[in-house]
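As structure tokens, the structure follows; a few thoughts come after it.
The values are calculated or read from the model by the stated rules, or taken from the named source; none is laboratory data. These figures come from a predicted structure and were not determined experimentally. Here the Cβ positions follow ideal geometry from the backbone for every residue, glycine too, while neighbour counts run over all protein chains shown.
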Amino acid sequence: MKRIALALLVLSSVCLFSEVVPEKPNPKVRAITAFVRLDRTNFLQQIEDTLVILRRAESEFKSKGYEVQTVRITTQPLAELVSGLSEEQALAFLKNLDDLSVKENFSANIGPAALHDSDDPSTMHLLERVLSTVPHLNASAIVADEGGIHWNSIRRSAELVKYVAENSPRGQGNFNFAITAMLKPYTPFYPGSYHNSNGHQFALGLETANLVRDVFAKDKGNVEAAISDLTAALSVHAKVADSVGNTVAAATGWTYLGLDPTATALGDVSIAAAIEAFTGARFGSSGTLTAARIITTAEKAVAVRRVGYSGLMLPVLEDKLLAQRWAESTYDVDSLLAYSSVCATGLDTVPLPGDISVEQIERIFSDIASLAFKWNKPLAGRILPVKGKKAGDKTDFQDPYLFNTVLRPLP
């Protein structure tokens, strides 16, 4: 009888233990981004004041169980930021800003070097030097807006990418640059983040690939269930973000602009793995586009203030599984553009052979701009030609957030 009683006790303990389901971790907060208009005569104090706001938002998130990856500051567009300075003076000022960002542990974005097709090309030439010699500053160029496609800016951006590929260490300077098309101001995500206002505003972005993976694993192949469940899952955390934003705004007088719910990935937090959980096949197989559409549909159904892309990031070199699938040739540049027809954000950290020509880069950027303008949807392009490497070679980036992969033939 004692043995029976002991067995029952053990069995009861096992049953009780099996009912304890560990809570799934919250998604990380990828970005808390402040928008400021720097005055060069007082920028140190402005940065200090802005960091107080950013750290307050960071503390609010941490108190609710969320890890914050980065706090960020986006300035006015580059030409306005360095207005009146010679090129050498501008480089010195931007180097000081970059050093400050490292010292104070924030990420800085100096906005678009080209907003309009008629902008002075000297700003783009300045940015070539910045991206080649200043390691941390982010920037962009706008190549399409409601007025049309900016063909001159596309050409200048292609020239910039080629220059930076050949003049920055391992071509990594291009990691901090993107073209954007039909993207409105105030996305918290880099490098496309920008504004042209008086500042004192902020926006938020989450890293949600794990949420997508959990929903897609549960609702494998069921489109309607996946849309409904993903909307619900995203809404839980979007409402927390909205609450944090409103709390900080009320306490500080800064304006909370909203959340960019774009599904993001980093390292082992893989959007490719999430999509494969839904399709049951390797990323790039049939069904990938449908999965991309589900994600964007769910994001747009989240009932909070939204800014930025509200789409899907497929960062080839930042997502460990995407980098692997790229080497396996399961998808290519044209595949990514096809997926972008139902979601944002275009081409992101796509590695290319170093012998790519300016004309080939220009054609890639033209396709992004044409697709974005045709469907009035925000897209971006961030490509990384690798100097001295050809198709079949492996990249050798030295960055903890980039996963090396095999270069593919040029499109």
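Below, the figures for the structure above:
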| quantity | calculated |
| --- | --- |
| Pair list, Cβ under 9 Å, 6 or more apart: segment 388-402 residue closer than 16 Å to Val164 by Cα and at pLDDT 90 or above, other residue acidic (Asp, Glu) and exposed (fewer than 12 other Cβ atoms within 10 Å of the Cβ) | Lys389/Asp396 |
| Residue selected from segment 189-246 under the condition polar (S, T, N, Q) and in contact with a Leu (Cβ under 8 Å, 6 or more places away or on another chain), by the criterion farthest from Glu60 (Cα to Cα) | Asn196 |
| Residue ranges of helices (runs of 4 or more DSSP H) in segment 319-411 with at least 3 members under 24 Å from Leu131 (Cα atoms) | 358-375 |
| Residue tally, condition buried (at least 20 other Cβ atoms within 10 Å of the Cβ), touching a Ser or Thr at 6+ places or on another chain (Cβ under 7 Å) and either free of Cβ contacts under 8 Å to residues at least 60 places away in the same chain or in a loop (DSSP other than H, G, I, E, B) (or both), over segment 164-202 | 12 |
| Residue that is modelled with the highest pLDDT, among those in segment 259-275 that are of a type outside the set (A, V, I, L, M) and closer than 13 Å to Val307 by Cα | Asp260 |
| Among the residues listed as Pro385, Pro378, the single one being modelled with pLDDT of 95 or more and within 23 Å of Pro169 (Cβ to Cβ) | Pro385 |
| Which listed residue, of Ala217, Ala225, is of a type outside the set (Lys, Arg), surrounded by fewer than 21 Cβ atoms within 10 Å (Cβ to Cβ), in a helix (DSSP H, G or I) and in contact with a helix residue (DSSP H, G or I) (Cβ under 7 Å, 6 or more places away or on another chain) | Ala217 |
| Single match in Ser310, Ser285 (criterion: part of a loop (DSSP other than H, G, I, E, B) and modelled with pLDDT of 95 or more) | Ser285 |
| Which listed residue, of Leu160, Leu91, Leu78, Leu127, is touching a Ser or Thr at 6+ places or on another chain (Cβ under 8 Å) and buried (at least 24 other Cβ atoms within 10 Å of the Cβ) | Leu78 |
